[in-house]
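In what follows, a single structure is set out as structure tokens and then discussed.
The values are calculated or read from the model by the stated rules, or taken from the named source; none is laboratory data. Since we're looking at a predicted model, the values are computed, not measured. Neighbour counts are summed over all protein chains in view; Cβ atoms, including those assigned to glycine, are modelled from backbone coordinates with ideal geometry.
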Amino acid sequence: MNKRMIARTLGFILLAEAALLLLPVFTALYYQARFPSEDNVLFEYLATAGIAAAFGLILISVRPKDKTIYARDGFAIVSLGWIVMSLVGAIPFTITGEIPNYLDALFEIVSGFTTTGASILSTNGGGAPGDLSALSHASLLWRSFSHWLGGMGVLVFLMAVLPLAGGGGDIHLMRAESPGPDVGKLVPKSNQSARILYLIYTGLTLTEILLLYIGHHCGTDPNMDFFTSVCLSFGTAGTGGFATRVSGFADYSHYSQTVIAVFMMLFGINFSIYYLLLCKRFKDAFRDEELRIYLGVLGIAVALVTINTFKTAFTSFGDALHHAFFQVTSVITTTGFSTVDFNQWPNFSRVILFLLMFLGASAGSTGGGVKVVRCILMLKAAKVGARRLSHPRNVTSVTFNGKPVSRDTLNNTTTYFIVYSAIYVTSVILVALDPNLTSITSVVTGVAATLNNIGPALEELSPTANYGFLWPLSKIVFIFDMLLGRLEIFPLLFLVMPSAYKRHFRLHKPY
């Protein structure tokens, strides 16, 4: 393991976080000048940026003899990078007194970086510490900005700015951090691929900000000011879920809710599809099997939930369709925004949403979950296996987008499902020890909501509730589940594998 290169790269991560912390610093400066009565958190964010910069400078002073990053180094860098980034990112919440308990602050920022959106903050509106209404504009922006950073990945961001490794090592970082079973390069060089991804990502985000603010400017939605447009666009782009108001999304107009729903759907699509569209390869884009199934499942789910909630939860068919589209899109893309408390919907609709929690969005998107492509591959493998039972001499193979899928890819997908299931069951058992959770539905859906990076669950962890009342053990389990879900399990598990630290350890490419 190239320990010196790992340390140096962690230093770059800390320096990047220090620079990014200047965004809430400037926000604090602006609102302190405009509203002198607002709590001044400028020093706290500057101090945190200084701490991150100091440790970053120490680490980048390490001079590695070999700048090559191998596969296992990429796993270690991504895992340690996200942990260190979260430990530092939680500091401002605690030293400002807005979230006094550091474990709660860590839960909040991990939920932000992993684009989960599960919050420990109360929405009672009392303005006390630990309440959403008590957060300053700087902290609200930092929470939402963490979604945007985590959506595409901090390592991918760094690769877009500067080369981190030699010998083609950047691709190992991209594969370890980017969600999905197979991450390839859009162009021959990894750093160019990272730039293309971030240009598309930034372009979509700016477009959403503009459309949301147009609604405010035209009088369609007086609650959607520029600050709110930016925060909610950051959350949508990263398929996060943090709200800026204690009422969630209930107070925004149908126009704003529709814009957000459409962009949630767009950010749940593999970003390579947008690259194909930019290259005018329209046939290749629309022939993508995962895209067609993702949109098909979304459409069917919206139709079923609309029919089920019409007359039972909504008197108007238009309202039923609107909220069904928003909530289904929010859950399948693992964003977690909510316009209504879907915990009050009929059981049929709640079951559909629960199943969509596991399915997730497309590989190569900012969404979480198991991913549509993995489900497709497992179903196809089961179909081929069933055929072989009746026709053992037939030679059949699993195909995807018209190409045969290798046995290694299928084995890797099967392994992922097995480990994923084991983690889910273990988490359910541990969280079930919490006496503050009295409903098994809360336990089961809470683990699903955090492991799949969604946020709100059902019953006691519904969109109108929060995770703040849980035992510390439950919060720690959920923190690890959020990290495991965002990093696709294996990079984080790599850190606890004794064999990974052996000199001649070999690691196949991540999936």
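Output yes when any residue across region 437-458 is under 25 Å from residue 413 (Cα atoms), at pLDDT below 95, surrounded by fewer than 17 Cβ atoms within 10 Å (Cβ to Cβ) and touching a helix residue (DSSP H, G or I) at 6+ places or on another chain (Cβ under 6 Å), and no when none is. Checked region 437-458: no residue is under 25 Å from residue 413 (Cα atoms), at pLDDT below 95, surrounded by fewer than 17 Cβ atoms within 10 Å (Cβ to Cβ) and touching a helix residue (DSSP H, G or I) at 6+ places or on another chain (Cβ under 6 Å). Picking from residues in region 320-362 that are in a helix (DSSP H, G or I) and among the β-branched types (Val, Ile, Thr), the one that is surrounded by the fewest Cβ atoms within 10 Å (Cβ to Cβ) is 351. Report yes if some residue within region 240-258 is of a type in the set (A, V, I, L, M) and part of a helix (DSSP H, G or I); otherwise report no. The answer is no, given that none of the residues of region 240-258 is of a type in the set (A, V, I, L, M) and part of a helix (DSSP H, G or I).
With a requirement of 2 or more residues that are within 26 Å of residue 248 (Cβ to Cβ), the helices (runs of 4 or more DSSP H) lying completely within region 1-118 that satisfy it span 22-34, 71-89, 91-95, 102-113. Taking first residues from region 342-368 that are closer than 20 Å to residue 424 by Cα and partners that are of a type in the set (A, V, I, L, M, F, W, C) and surrounded by fewer than 21 Cβ atoms within 10 Å (Cβ to Cβ), the Cβ contacts under 8 Å between residues at least 6 apart in sequence or on separate chains come to 352/304; 356/297; 359/297; 359/375. All conditions in (1) of a type in the set (S, T, N, Q); (2) buried (at least 23 other Cβ atoms within 10 Å of the Cβ); (3) out of contact with any Ser or Thr (no Cβ under 9 Å at 6 or more places or on another chain) hold for residue 37, with the sole exception of (2). The residue that is nearest to the chain's Cα centre (by Cα), among those in region 294-326 that are modelled with pLDDT of 95 or more and β-branched (Val, Ile, Thr), is 297.
Quick grid of which residues meet (1) more than 14 Å from the chain's Cα centre (by Cα); (2) at pLDDT 95 or above:
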| site | (1), (2) |
| --- | --- |
| 102 | yes, yes |
| 108 | no, yes |
| 122 | yes, no |
| 125 | yes, no |
| 131 | yes, no |
| 136 | yes, no |
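Considering region 466-477 alone, what residues qualify as being buried (at least 20 other Cβ atoms within 10 Å of the Cβ) and either in a loop (DSSP other than H, G, I, E, B) or aromatic (Phe, Trp, Tyr) (or both)? Quick ask: steps written out before the conclusion?
Quick first cut of region 466-477, residues buried (at least 20 other Cβ atoms within 10 Å of the Cβ) only: 466-467, 470, 474-475, 477.
Those that are buried (at least 20 other Cβ atoms within 10 Å of the Cβ) and either in a loop (DSSP other than H, G, I, E, B) or aromatic (Phe, Trp, Tyr) (or both): 466, 467, 470.
Among residues of region 8-34 that are at negative phi, those with a Cβ under 8 angstrom from a residue that is at pLDDT 90 or above and not in a helix (DSSP H, G or I), sequence gap 6+ or separate chain, pair up as 11/61; 24/41; 28/41; 28/136; 31/136. Residues in region 23-70 that are under 28 Å from the mean Cα position of the chain (by Cα), of a type in the set (S, T, N, Q) and farther than 20 Å from residue 91 by Cα: there are none. Here residue 370 passes the criteria (1) in a loop (DSSP other than H, G, I, E, B); (2) among the β-branched types (Val, Ile, Thr); (3) at pLDDT below 90 except the one numbered (3).
Taking residue 450, is it part of a helix (DSSP H, G or I) and touching a Leu at 6+ places or on another chain (Cβ under 7 Å)? No; evaluated as a whole, the condition is false for this residue.
Considering only residues that are closer than 12 Å to residue 257 by Cβ and small (Gly, Ala, Ser), look in region 327-354 and name the one that is modelled with the highest pLDDT.
If we take residues in region 327-354 being closer than 12 Å to residue 257 by Cβ and small (Gly, Ala, Ser), then 330 is modelled with the highest pLDDT.
Inspection of region 389-400 identifies no residue that is of a type in the set (S, T, N, Q), surrounded by 12 or more Cβ atoms within 10 Å (Cβ to Cβ) and in contact (Cβ under 8 Å) with a residue 60 or more places away in the chain. Listed by first and then second residue, the pairs linking a residue in region 401-421 that is without any contact (Cβ under 8 Å) to a residue 40 or more places away in the chain to a residue that is surrounded by 13 or more Cβ atoms within 10 Å (Cβ to Cβ) and in a helix (DSSP H, G or I), with Cβ atoms under 8 Å apart and 6 or more places separating them unless they lie on different chains, are 405/377; 405/380; 410/377; 410/381; 414/378; 414/381.
The listed residues are 307, 269, 300, and the only one of them that is hydrophobic (A, V, I, L, M, F, W, C) and not in a helix (DSSP H, G or I) turns out to be 269.
Taken over region 219-239, the residue count meeting the criterion of being surrounded by fewer than 20 Cβ atoms within 10 Å (Cβ to Cβ), in contact with a helix residue (DSSP H, G or I) (Cβ under 9 Å, 6 or more places away or on another chain) and either without any contact (Cβ under 8 Å) to a residue 60 or more places away in the chain or outside any helix (DSSP H, G or I) (or both) is 5.
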